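Below: one structure, written as structure tokens.
The values are calculated or read from the model by the stated rules, or taken from the named source; none is laboratory data. All figures in this text were calculated on a predicted structure; none of them were measured in a lab. Don't worry about glycine lacking a Cβ; one is built from the backbone with ideal geometry, like all the others, and counts go over all protein chains shown.
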Amino acid sequence: MVLPADQATTEADDRSAIAAVLRLLVRPADRATTEADDRSAIAAALRPLVQPADQATIEADDGAAIAAVLRSLVRPADQATIEADDGAAIAAVLRSLVRPADQTRYRSPQRRSSSFFPEASMAFLDDYLARTPRSRALFERATGSLPGGSTRTTVYSAPYPPYAANGTGLAFTDVDGNVYRDFLGNYTSLILGHAHPAVVAAVEAQVRRGSAFGAPTATEVELAEEIRRRVPSIEHLRFTSSGTEATMFAIRAARAFTGRPLIARFDHSYHGTHDLVMAGTPGVPDAIGGLIVDLPWGDPDEIAASLSRREGELAAIIVEPVQGAGGVRAPEPGFLESLRTLCDRLGGLLIFDEIISFRIAPGGAQEVFGVRPDLTTLGKIIAGGYPLAAFGGRADVMAIFDARRDRAVSHGGTFNGNPVAAAAGLATLRELTPDVYEGLAALGARLSARLAGHIASAGLEARIVNVGSLFQVFRGEAGTAFAPGAGQPSELFLGLLLEGFYLAPRGMGAIPTVATEQDVDDLADAIARVLRTMSLAEAPTLVAQRS
Ligand SMILES: Cc1ncc(COP(=O)(O)O)c(C=O)c1O
């Protein structure tokens, strides 16, 4: 074990000290070979610490190769300081590898297996705990009032999430002062980044005029018109406060219009948290499950077969034309068209849930894939980071909400069309000209290509997909999201926090307009480093190496 006191002995350009530290990092069997002042021994000791692909490149006595490998092991900030053949820089980096936090991390194999998180690799946990004492204190305080320490299932991540303090542009800062480049953007909704000046100005102006009225405003009319200009299938629309309400009301519209009860949705879909779309989870009566059918994604014949016995009951098929939470999954050619044909044949409505996919083009995924739904739900970016969503589509369907009619479907909501959120949405959409979407898509493609290159060259078991500015990193070739078990930390998430990046713990993210090519390249490099450390941490030899 390396004590802090030993760090001082790792003097600049002192080969014996470098060798001494390396001896402590490697397996007992290798220690004897790490002789002072012996580059081949240093190279030999480094080889088992890195990926097979890199091992061959570490030639004995080659300072440049040793430096290159050390660079790949450390954070961006440290990389620039490691010059080839510079003993001082190598020593400095080795010191950073044996910080006290790392020492406890590798103290003993028993600690790993008997820890609080028995299943999780501990590669990043101790560093995270060391860097976030205020978040930890806030989390412990929060658990006294909020179950699980927060008020939203999706923002919990073990052992506790960083608590946000403030954000501007791409970055947000947590209560401990750690700064993250934010590639989640409140789950894809902050397409212009944090506190965009145009949005702040629009919100400030509206707040001074009043925050809400028991009367409609011109702002909601303008936002409705802007959305209709972008999405021809939306002839009429209504606003809600959340995406959950938007899908709930779109479904109610389909049922009221068709007079039928059954809704079909796809495997791995996410449409919010109301009863119908959460059927099968605790608190939702079993009877609700009888009103929804799960369809397999992709194969039109299997989809038709799943519905065959209940065709006459179908009110609507609801589908994310690009799945978000399900893994940023684009539709295969012909898939959305086949749903259009099926709905037309069965007399049910086709609902596109574009709450996430609306960020891929000015008119959303329906513009990109050229399929016109009967109803669409929108949320997230249409309110520029404020709580507002929408549902709309065919005028004859939406007419059921017309309060001038007898037996109109009721659609209340104290904050529907809230003028502050509507002003933020209008300001946001006005920034989103067609060239902005092209720029975002180019950044998405750049991220994918760069990370895929790292994955291939390092032989990592991972995959990245992107659809425009949306992306998802998967574990393994087959593509499993980095979904930790309940109460388990996501290594990818923690590793990226330490690198200064914020993504969804499951590996999903969205590129905002404030990100540059350099930011995207840095993200790809950081993900690769984290994946590399994760695969190192999973290697059985590591415990022995560093114990
Ligand atoms: C496709 C989709 N539909 C519906 C929702 C629910 O939206 P909200 O969280 O605003 O209720 C989400 C949220 O992530 C979503 O991604």
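Conditions (1) free of Cβ contacts under 8 Å to residues at least 12 places away in the same chain; (2) farther than 28 Å from P512 by Cβ, marked per residue:
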position	(1), (2)
V293	no, yes
A305	yes, yes
R309	yes, yes
E320	no, no
P331	no, no
C343	no, yes
I351	no, no
I360	no, no
G363	no, no
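Residue check: is A395 aliphatic (A, V, I, L, M), crowded, with 24+ Cβ neighbours inside 10 Å and at pLDDT 95 or above? First the steps, then the outcome.
Working: aliphatic (A, V, I, L, M): yes; crowded, with 24+ Cβ neighbours inside 10 Å: no; at pLDDT 95 or above: yes.
Criteria not met by A395.
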Notebook entry, point to check: Here is a list of conditions, (1) over 28 Å from the mean Cα position of the chain (by Cα); (2) within 16 Å of the ligand (Cβ to nearest atom), and R229 meets all of them except one; can you say which number that is?
Noted result: (2)
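Is it the case, given these coordinates, that E332 is of a type outside the set (S, T, N, Q), surrounded by fewer than 22 Cβ atoms within 10 Å (Cβ to Cβ), in a helix (DSSP H, G or I) and more than 16 Å from the ligand (Cβ to nearest atom)? Write out each step before concluding.
Values: of a type outside the set (S, T, N, Q): yes; surrounded by fewer than 22 Cβ atoms within 10 Å (Cβ to Cβ): yes; in a helix (DSSP H, G or I): no; more than 16 Å from the ligand (Cβ to nearest atom): yes.
No.
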Notebook entry, point to check: Could you give every pair whose Cβ atoms fall below 7 Å, whose first residue belongs to region 487-502 and is under 19 Å from G193 (Cβ atoms), and whose second residue is in a loop (DSSP other than H, G, I, E, B) and among the aromatic types (F, W, Y), counting only separations of at least 6 or pairs across chains?
Noted result: F501/F183; Y502/F183
Checklist line | Subset tally (residues that are more than 16 Å from the ligand (Cβ to nearest atom), buried (at least 24 other Cβ atoms within 10 Å of the Cβ) and in a loop (DSSP other than H, G, I, E, B)) for region 341-363 | finding: 1
Notebook entry, point to check: Given the conditions (1) farther than 20 Å from E332 by Cα; (2) within 15 Å of the ligand (Cβ to nearest atom); (3) within 27 Å of the chain's Cα centre (by Cα), and given that Y270 satisfies all but one, which numbered condition is not satisfied?
Noted result: (1)
Item checked: Only one of G413, G425 that is of a type outside the set (S, T, Y), within 16 Å of the ligand (Cβ to nearest atom) and assigned to a loop (DSSP other than H, G, I, E, B) -> G413
Checklist line | Members of region 173-192 found to be away from the ligand (no atom under 16 Å from the Cβ) and either under 15 Å from A383 (Cβ atoms) or of a type in the set (V, I, T) (or both), listed by number | finding: T173, V175, V179, L192
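Any chance region 502-511 includes a residue that's of a type in the set (K, R) and modelled with pLDDT of 95 or more?
Within region 502-511, the subset of a type in the set (K, R) is 506.
Within this subset, residues satisfying the condition of being modelled with pLDDT of 95 or more are none.
No, region 502-511 contains no residue that is of a type in the set (K, R) and modelled with pLDDT of 95 or more.
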Margin query: I need a count of the residues in region 173-201 that are hydrophobic (A, V, I, L, M, F, W, C), over 24 Å from I360 (Cβ atoms) and touching a Lys or Arg at 6+ places or on another chain (Cβ under 9 Å).
Written below: 1
Margin query: Restricting to region 197-233, count the residues that are part of a helix (DSSP H, G or I), within 27 Å of G393 (Cβ to Cβ) and among the polar types (S, T, N, Q).
Written below: 1
Check: E337 versus (1) assigned to a loop (DSSP other than H, G, I, E, B); (2) surrounded by fewer than 19 Cβ atoms within 10 Å (Cβ to Cβ); (3) modelled with pLDDT of 95 or more; (4) not small (G, A, S): which is the lone unmet condition?
Finding: (1)
Item checked: The listed residue being within 29 Å of D522 (Cα to Cα) and under 27 Å from the mean Cα position of the chain (by Cα), out of T151, T188 -> T188
Notebook entry, point to check: So is R372 away from the ligand (no atom under 14 Å from the Cβ), farther than 30 Å from V207 by Cα and touching a helix residue (DSSP H, G or I) at 6+ places or on another chain (Cβ under 9 Å) or not?
Noted result: yes
